[in-house]
Amino acid sequence: MKLCIIGTGYVGLVSGVCFSDLGNDVICVDKDEDKINLLKKGKVPIYEPGLSELVVKNFRNKRLSFSSNLKTSVKNSDIIFICVGTPTKKGGRSADLTQIYNVAKELSLSINKFKIIITKSTVPVTTGDEIEKILSKKNNKHKFAVVSNPEFLREGEAIRDFIYPDRIVVGSNEKKSNRILKNLYSPLISKGAQYLNTSRRAAELIKYASNAFLATKITFINEIANLCENTGINVEDISIGMGLDKRIGSRFLRAGPAYGGSCFPKDTKAIISTADKFKTNLSVIKSVVRSNENRSNLLLKRVYEILNNRLKNKKITFLGVTFKANTDDMRDSSSLIMIPALAKKGALIKYFDPTGYKNEFKKIKNVSFENSIKKSLKDSDLIIIHTEWNDFKSINFKHFVKGKKPIIYDMRNIYSHTKISAQGFKYFSVGR
Ligand code: UDX
């Protein structure tokens with residue numbers, strides 16, 4: 001099948017590459033010509049394990065191509081996936097759909113035969129209806145079907161999540177496109193993925209409801225972790241004890257810093273905004289957003305306590321600054337709140353992240369990047385383990401700090417309290 005993917009961000013690029021690997025002819029389109037030129041050279045603009053190998057493999061065997069010409073690419077394809085960004089509107093909570101509607105307008109001028117037009121981007125309920133209206137304006141009636149097929153992949157695990165998804169959700173209001181999509185996804189269905197066909201609006205909402213639920217689960221355990229800290233209980237026992245109940249499940253019950261990334265913060269706000277539009281009060285999700293927004297300050301308060309409120313000239317090391325491991329993505333990472341706040345109070349911050357220097361801290365005084373764990377730990381008073389990279393899971397602190405005894409604040413509960421304390425370090429973690 002001939003597929004056209006519009007937008008080469010996380011979702012677009014991973015989907016395009018994986019679909020081509022499954023034997024389809026895929027053309028990935030982006031208006032950013034520099035990005036397209038990079039991709040044509042086999043260079044991947046994002047950090048995602050395994051992605052560049054698949055790009056090179058499928059580009060070489062000519063199943064995957066890249067273009068900045070939307071019109072021609074659309075004309076030569078049967079199925080069009082819209083994978084452009086839907087960020088939060090500036091100064092608001094709702095999703096900014098400018099890119100989606102611009103693509104829809106361009107598509108309306110390029111439809112030359114029956115096309116299935118699919119939103120893979122996370123879009124609010126009724127976006128499909130709006131796209132249909134835009135396309136219909138140009139007399140394209142009966143020459144297209146608008147379908148919602150949300151993508152559930154996680155950064156850092158994107159290829160595996162795409163190829164082995166728990167479920168494939170297709171929201172279409174007619175049978176033909178459902179049949180074609182079921183066929184497109186048949187290699188994944190035969191490996192065990194559940195295929196679910198719903199109305200278009202339901203598919204749109206399934207994505208938001210899923211992300212909001214996962215964000216709720218994390219926020220819930222983070223608040224339970226606060227209670228554990230005040231009652232001398234280990235939150236990991238609680239996660240295990242709760243998770244063993246099959247109705248609850250053990251995943252996404254790891255306490256830590258505020259959740260971040262390109263999806264949870266944006267999507268929880270957007271679903272609230274959609275609900276407001278439809279005069280519905282999502283009070284649970286509202287309080288999740290509030291609790292998560294407060295969380296970085298709560299953890300900062302703990303840092304102040306650990307340092308007896310003496311921050312001036314204290315040398316603080318951040319191990320990891322991305323919002324989670326296996327990604328270079330800094331969007332809504334809690335380090336973006338914590339590092340500037342600590343620097344403002346006079347602390348001297350050094351950070352190391354396996355994905356390198358971060359522009360986000362460029363203008364902040366007293367914040368510097370070190371290119372190794374060893375250099376970042378030198379002379380440190382407080383080590384904050386912020387991101388759960390494998391690189392940080394078996395550090396020999398004694399060896400690195402050479403006689404000094406920095407305090408360790410492990411925000412990802414990587415280490416055991418007993419073992420680290422036995423080495424003479426003061427050790428703090430989350431909910432334990
Ligand atoms: C998420 C969804 O999981 C994915 O289905 C959707 O398509 C996009 O959004 P992603 O943002 O890539 O994926 O990362 P995820 O692994 O879900 O983590 C999100 C945040 O939650 C991170 O900040 C992570 O550290 C945090 N998290 C996750 C926890 O704090 N505890 C957990 O138990 C799990």
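The values are calculated or read from the model by the stated rules, or taken from the named source; none is laboratory data. Here the structure is a predicted model, which is why all the values come from computation and not from measurement. Cβ sites come from the backbone with ideal geometry, for glycine too, and all protein chains shown count toward neighbours. SASA here: full protein model, heavy atoms, side chains in, ligands and nucleic acids out. Shrake-Rupley method; radii C 1.70, N 1.55, O 1.52, S 1.80 Å.
So the values come out like this:
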quantity: Environment charge at Ser334 (Cβ cut-off 12 Å; Lys +1, Arg +1, Asp -1, Glu -1); calculated: +2
quantity: Accessible area per residue, Å², region 2-198 with all protein chains present, probe 1.4 Å; calculated: 45
quantity: Rounded if a/c under 1.5, otherwise prolate or oblate - region 185-232, Cα gyration tensor axes; calculated: oblate
quantity: Proximal aspartates and glutamates relative to Lys113, as straight alpha-carbon distance under 19 Å, when same-chain residues fewer than 8 apart are discounted; calculated: Asp25, Asp78, Glu132, Glu174
quantity: For region 381-429 and region 30-99, distance of Cα centres in Å; calculated: 40
quantity: Assigned charges on the beta-carbon of Lys, Arg, Asp, Glu; region 280-408 dipole about Cα centre (debye); calculated: 620
quantity: Shape category assigned to region 2-198 from the gyration tensor of Cα positions, a/c cut at 1.5; calculated: rounded
quantity: Region 250-349: chymotrypsin sites (Phe, Trp or Tyr not before Pro) in DSSP loop, at most 13 other beta carbons within 10 Å; calculated: Phe278
quantity: Prolate/oblate/rounded call for region 95-188, Cα gyration tensor, a/c under 1.5 rounded; calculated: oblate
quantity: Dipole in debye (nearest 20) - region 9-116, about Cα centre, beta carbon charges: Lys, Arg +1; Asp, Glu -1; calculated: 200
quantity: Choice from Lys362, Lys43, Lys246 with maximal GNM fluctuation in the chain (Cα, 10 Å cutoff); calculated: Lys246
quantity: Sparsely packed GluC sites (Glu not before Pro) within region 152-182, loop by DSSP, other Cβ within 10 Å at most 14; calculated: Glu174
quantity: Highest-fluctuation residue, Gly12, Gly91, Gly192 considered, GNM on the chain with Cα pairs under 10 Å; calculated: Gly91
quantity: Ratio of Rg to Rh over the chain (Cα coordinates, Kirkwood Rh, two decimals); calculated: 1.01
quantity: Sulfur and carbon atoms: percent of accessible area, region 86-131 [1.4 Å]; calculated: 51
quantity: Whole-number percent relative contact order across the chain, with pairs defined as alpha carbons under 8 Å at least 6 apart; calculated: 12
quantity: The chain - mean residue ellipticity at 222 nm from DSSP helices (-39,500 (n - 2.57) per run, n ≥ 4, rounded to 500); calculated: -12500 deg cm²/dmol
quantity: Percent of beta bridges antiparallel (DSSP, the chain, rounded to nearest 5); calculated: 5
quantity: Candidate residues Arg179, Arg302: accessible-area rank, largest first, probe 1.4 Å; calculated: Arg179, Arg302
